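The values are calculated or read from the model by the stated rules, or taken from the named source; none is laboratory data. Given the structure is predicted, the values throughout are model-derived calculations rather than measurements. No Cβ is skipped: glycine too gets one built from the backbone with ideal geometry, and neighbour counts run over all protein chains shown.
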2 protein chains.
Amino acid sequence: MAPTKKTPTIYDVAKLSGVSISTISRVLNTSDKVNPETLKRVMDAIDRLGFVPKAEARARAMQGTGRIGVLTPLFTAPSFVQRLRGVASALSKANYELVIYPVDSMDHLQGYLSSIPLMRNIDGLIIMSLAINDQDAKRLSINGMGTVLIEYLHPDINSIQIDDTHGGDLVAKHLIKKGHKTVAFIGDIEPPEKFAIHPVRSRFNGFKQTLQEAGLSLPKAYVKSAPYTQKETRQAAQELLNLPKPPTAIFAASDTQAFGIMKIARQLNIKVPDDLAIVGFDDVDTAEYVDLTTVRQHLDESGRLAAEILLARISEADRPLQHINLPLLLIERDTT
Amino acid sequence: MAPTKKTPTIYDVAKLSGVSISTISRVLNTSDKVNPETLKRVMDAIDRLGFVPKAEARARAMQGTGRIGVLTPLFTAPSFVQRLRGVASALSKANYELVIYPVDSMDHLQGYLSSIPLMRNIDGLIIMSLAINDQDAKRLSINGMGTVLIEYLHPDINSIQIDDTHGGDLVAKHLIKKGHKTVAFIGDIEPPEKFAIHPVRSRFNGFKQTLQEAGLSLPKAYVKSAPYTQKETRQAAQELLNLPKPPTAIFAASDTQAFGIMKIARQLNIKVPDDLAIVGFDDVDTAEYVDLTTVRQHLDESGRLAAEILLARISEADRPLQHINLPLLLIERDTT
DNA sequence: AAGCCGTATGAAAGCACTTTCAGTTTAGCA
DNA sequence: TGCTAAACTGAAAGTGCTTTCATACGGCTT
């Protein structure tokens with residue numbers, strides 16, 4: 001009995017269990033495609049030898065790493081989660097792992113962006129609602145890192161966009177049709193753009209534009225810029241509703257913020273939609289539960305699409321660039 | 001300037017610099033044994049291609065940034081997301097990557113469980129609300145894979161648990177105090193346990209037990225087993241409310257299901273809480289927005305704790321096993 | 001019995017490098 | 001000028017694993 005002095009390889013395992021190396025590999029990867037009996041024999045051999053597959057060799061032999069990464073801010077906000085859900089569903093079908101890089105600062109983002117293409121422990125990248133500059137884009141494409149952007153446009157990279165301006169327009173039209181004259185807006189439209197993208201700006205612009213075309217004004221006092229937090233949003237809603245002439249309708253730039261407004265209305269005993277109409281944006285799952293009128297942007301779909309584009313690009317290297325524009329739909333429920 | 005599409009290999013560098021791959025390799029490893037002139041040419045080519053040897057990159061990536069994996073079913077359900085949020089926050093502080101393995105079938109789970117410990121692309125593992133058997137546990141610990149279980153107990157593995165029975169008890173007590181006599185339960189308590197865990201069973205048991213101790217009965221007709229979907233939940237709620245003697249209070253095993261019940265009540269024009277009290281479980285973010293009375297289990301915290309235990313275990317190998325029990329708290333809001 | 005599946009397996013061809021080995025220069029020295 | 005030791009360099013043979021392709025075998029149909 002001459003125990004192999006070197007660390008065991010699949011060849012050793014194969015010999016010991018009397019099968020070919022292909023079978024060992026199969027046991028390791030797609031164990032469901034192996035006869036249970038054989039599987040057990042192999043497993044025993046693996047245990048007996050204390051065999052551990054070498055990650056290095058594995059990574060080399062495999063086409064890629066089998067995982068794709070998602071760069072995202074606020075990844076636990078409902079809208080991001082729903083996008084992630086779409087991504088995950090497409091990925092798990094294709095048997096890819098999902099690596100999440102939560103971004104919470106500009107530095108953080110830059111750090112990821114500069115190391116990811118080099119580290120190569122990912123086959124593709126989805127960047128959600130984050131702004132990237134030319135240099136980043138260049139680095140990504142030079143290093144052949146398949147990437148798709150969601151909610152941001154860069155000419156050199158695949159992207160999936162939402163026509164936020166049109167979204168604002170839809171809401172304005174809806175509110176006008178309902179006969180509202182005094183409307184307000186709550187959303188995060190602070191000028192200093194941080195690392196994250198502000199589709200909110202566009203939503204606001206489209207909203208305002210359409211309103212004005214219909215002869216309605218949107219005075220400053222009726223526009224509240226509140227960050228994406230409950231506290232600030234509610235505060236803003238309070239202020240709006242305490243105005244001498246309070247608005248009869250509020251457009252919130254996101255569903256979550258709309259929920260906050262609904263809550264305030266309840267506390268103030270304001271009847272929705274009779275005394276106050278509320279419309280959100282996103283059509284998050286919960287929007288349906290609470291019967292919120294909102295603009296659907298099919299979050300799941302955007303994620304799924306992103307993943308599919310990526311997968312396609314990975315398997316078929318030089319696919320033409322794609323810039324997809326997802327349609328929006330106003331969903332009327334009980335808050336207008 | 002034609003940027004190579006695929007990621008460059010030494011072959012590309014060799015071609016571009018007009019030498020053989022062996023030379024490239026030599027440049028990379030023992031550069032002193034290469035003619036300075038050749039060396040320069042090769043270096044230029046390397047720069048121009050942005051070439052990084054794959055294996056090396058991998059190794060470097062591995063040592064700097066660790067990664068920990070999370071095995072979870074339904075990872076987009078709000079309660080899981082909030083736990084993930086906790087995990088992510090603890091992880092990003094420590095500069096760890098988050099790899100998510102969405103589990104959607106028993107096979108899937110077994111596949112992960114058998115390959116993860118061997119493949120070792122991960123430094124630690126968090127398993128959420130999933131049942132694992134002795135063999136899995138053994139394999140995990142034999143291979144030294146630091147693991148923590150959430151919502152499941154196995155003597156050999158760290159775990160974080162929630163006293164669901166007590167949760168049910170809390171709800172029962174609350175409802176009794178409010179004077180309810182006819183109460184109902186909606187939740188997924190189907191007997192055939194699938195791959196996912198059913199804390200719901202325990203919630204139900206605790207609920208029923210306390211009810212009975214107080215002399216209240218919980219007849220079969222008032223117990224609806226509905227899976228975690230809106231459709232079924234609402235259907236169940238309908239049935240309950242159409243009973244000749246409808247319940248005055250419903251305990252839903254999860255907040256999301258409670259939302260469904262609230263919606264049905266609204267449609268049926270049933271006043272909450274006057275005609276019907278509703279209490280959920282989890283205290284998901286949204287629960288506060290809609291003023292749902294519920295049982296808080298501090299989801300974020302459970303995730304954070306799990307990550308911290310893991311991290312501690314990774315840096316300090318033989319930490320004693322921990323079995324943590326997280327407290328529950330009844331949050332009274334406007335639905336009771 | 002002939003044909004046809006579907007599953008379980010093995011042989012062999014990669015993958016991205018490293019290393020050995022032998023061949024070619026080059027330089028040094030008579 | 002001829003000869004040899006360095007100094008370089010490339011072809012080719014590994015490295016440990018995955019994956020494609022082909023084959024074998026036990027049913028099932030018709």
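Points worth noting:
- Residues that are more than 7 Å from chain A (Cβ to nearest Cβ) and either modelled with pLDDT of 85 or more or closer than 14 Å to B:G124 by Cα (or both) within segment B:72-81 comprise B:T72, B:P73, B:A77, B:P78, B:S79, B:F80, listed in sequence order.
- Any hit, segment A:207-220, residues being of a type outside the set (V, I, T), in a helix (DSSP H, G or I), closer than 20 Å to A:S302 by Cα and free of Cβ contacts under 8 Å to residues at least 60 places away in the same chain: no
- Residues of segment B:250-271 that are surrounded by 19 or more Cβ atoms within 10 Å (Cβ to Cβ) and more than 9 Å from chain A (Cβ to nearest Cβ): B:I250, B:F251, B:A252, B:A253, B:S254, B:D255, B:Q257, B:A258, B:I261, B:I264, B:A265.
- Residues being buried (at least 18 other Cβ atoms within 10 Å of the Cβ) and within 11 Å of chain A (Cβ to nearest Cβ) - total across segment B:125-146: 1
- Only residues that are part of a helix (DSSP H, G or I) and more than 8 Å from every other protein chain (Cβ to nearest Cβ) were counted across segment B:111-124, and they come to 4.
- Residue within segment A:171-182 that is surrounded by 19 or more Cβ atoms within 10 Å (Cβ to Cβ), of a type in the set (G, A, S), farther than 27 Å from A:I127 by Cβ and within 14 Å of chain B (Cβ to nearest Cβ) present: no
- In segment A:261-274, the residues that are touching a helix residue (DSSP H, G or I) at 6+ places or on another chain (Cβ under 8 Å), in a loop (DSSP other than H, G, I, E, B) and closer than 15 Å to A:F251 by Cα: A:V272
- From the list A:A312, A:A306, A:A277, the lone residue that is within 17 Å of A:V87 (Cα to Cα) and at pLDDT 95 or above is A:A306.
- Enumeration of residues in segment B:85-99 that are assigned to a helix (DSSP H, G or I) and facing chain A (nearest Cβ under 7 Å): B:R85, B:A88, B:S92
- Yes/no for A:T30 being within 11 Å of chain B (Cβ to nearest Cβ) and surrounded by fewer than 18 Cβ atoms within 10 Å (Cβ to Cβ): yes
- Note on segment A:18-41: residues that are more than 9 Å from DNA strand C (Cβ to nearest atom) and at pLDDT 85 or above amount to 1.
- Test: residue in segment A:145-168 that is over 30 Å from B:H108 (Cα atoms) and over 22 Å from the mean Cα position of the chain (by Cα): no
- Close Cβ contacts (under 7 Å, 6 or more residues apart or on different chains) running from residues in segment A:270-281 that are not assigned by TED's automatic domain parsing to the domain that holds A:T256 to residues that are modelled with pLDDT of 95 or more are absent.
- The residue of segment A:35-56 that is farthest from the other protein chains (Cβ to nearest Cβ), among those that are among the hydrophobic types (A, V, I, L, M, F, W, C) and within 11 Å of DNA strand D (Cβ to nearest atom), is A:L49.
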